[in-house]
């Protein structure tokens, strides 16, 4: 009887202790999430496995269209790759960038890394949580994403000259609308025609009162202008016969 009671206590106590410990671990900020601090091997293995299995499961449902080897697709995909991806995933003979060095997990160098077309499409469209990989599908139609996936099939076979030739022959960053400038571009017209400066101290322009000429609003008008009337002089004070002035 006592052994069964002890078993029940342990069955309740152990999960409770684990739960309290997990809450304390998370709430106490014990785990360092800084990108410049590498994951421990068990955590790295867990995250890598979860990511790869998740992508594989979902990419397996993607139907790959025909014609991914069409030159027009590849050229169009090259322009968007150079504008949107090369900063992290690099290009042939391209040195690591500030972005690629600062991300954790480190983005793969796709100029040296072969990717399956369906996986490439799924990752480009949906992104990957907490990795720095955005979901480009929010701003790109599937057709443009497939063009990038088509280009990625060819990218590992290119040298720097061939890569540059493809990018130069493309339309650059173009995917049917929603493109944004990521290089701090400033409109030249705005530089040539800066906005007018505000009045000092944000003062409102002076408006003369009604009936006063604006040309003279700073002067003080004379008596005649304001219709002032000279006051009557005080009457003479009569003198008494003894030569003293009478006061009342």
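Could you please give the count of residues in the range 27-40 that are surrounded by 10 or more Cβ atoms within 10 Å (Cβ to Cβ) and more than 19 Å from residue 106 (Cα to Cα)?
Looking only at that region, the number is 1.
Name every residue in the range 57-70 that is surrounded by fewer than 11 Cβ atoms within 10 Å (Cβ to Cβ) and within 27 Å of residue 174 (Cβ to Cβ), in order of residue number.
The answer is 63, 66, 67, 69.
I want to confirm something. Restricting to the range 145-180 and keeping residues that are free of Cβ contacts under 8 Å to residues at least 12 places away in the same chain and assigned to a helix (DSSP H, G or I), which single residue is farthest from residue 77 (Cα to Cα)?
Filtering the range 145-180 for residues that are free of Cβ contacts under 8 Å to residues at least 12 places away in the same chain and assigned to a helix (DSSP H, G or I), the one farthest from residue 77 (Cα to Cα) comes out as 161.
With touching a residue at least 24 places away in the same chain (Cβ under 8 Å) and part of a helix (DSSP H, G or I) as the only criterion, which of 58, 53 stands out?
Details: 53 fails: touching a residue at least 24 places away in the same chain (Cβ under 8 Å).
Within the list 58, 53, the selection yields 58.
Check whether at least one residue in the range 28-36 is closer than 30 Å to residue 179 by Cβ and touching a residue at least 40 places away in the same chain (Cβ under 8 Å), and report yes or no.
Applying the first criterion (closer than 30 Å to residue 179 by Cβ) to the range 28-36 yields 35.
Restricting the remaining residues to those that are touching a residue at least 40 places away in the same chain (Cβ under 8 Å) gives 35.
Yes, the range 28-36 contains a residue that is closer than 30 Å to residue 179 by Cβ and touching a residue at least 40 places away in the same chain (Cβ under 8 Å).
When you check residue 75 against the structure, is it within 30 Å of residue 169 (Cα to Cα), surrounded by 10 or more Cβ atoms within 10 Å (Cβ to Cβ) and in the same structural domain as residue 164 (by TED's automatic domain parsing), yes or no?
yes
Just a yes or no: is a residue in the range 101-115 assigned to a helix (DSSP H, G or I), within 18 Å of the chain's Cα centre (by Cα) and closer than 29 Å to residue 33 by Cβ? Before you say what the answer is, go through the steps one by one.
So the first thing to find is which residues in the range 101-115 are assigned to a helix (DSSP H, G or I), and the list is 101-102.
Now narrow it down to the ones that are within 18 Å of the chain's Cα centre (by Cα): 102.
Now narrow it down to the ones that are closer than 29 Å to residue 33 by Cβ: 102.
For the range 101-115, residues assigned to a helix (DSSP H, G or I), within 18 Å of the chain's Cα centre (by Cα) and closer than 29 Å to residue 33 by Cβ: present.
Residues being surrounded by fewer than 20 Cβ atoms within 10 Å (Cβ to Cβ) and not in a helix (DSSP H, G or I): count how many of those fall in the range 78-99.
Of the residues in that region, 6 qualify.
Are any residues in the range 41-56 surrounded by 10 or more Cβ atoms within 10 Å (Cβ to Cβ) and either on the phi > 0 side of the Ramachandran plot or more than 27 Å from the chain's Cα centre (by Cα) (or both), and if so, which ones?
The initial filter retains those residues of the range 41-56 that are surrounded by 10 or more Cβ atoms within 10 Å (Cβ to Cβ), namely 43-56.
Residues satisfying the conditions are 43, 44, 45, 46, 48, 49, 50, 52, 53, 54, 56.
The values are calculated or read from the model by the stated rules, or taken from the named source; none is laboratory data. Note that the coordinates shown come from a computational prediction; the quantities given were computed from them, not determined experimentally. As a convention, Cβ positions derive from the backbone with ideal geometry for all residues, glycine included, and neighbour counts pool all protein chains shown.
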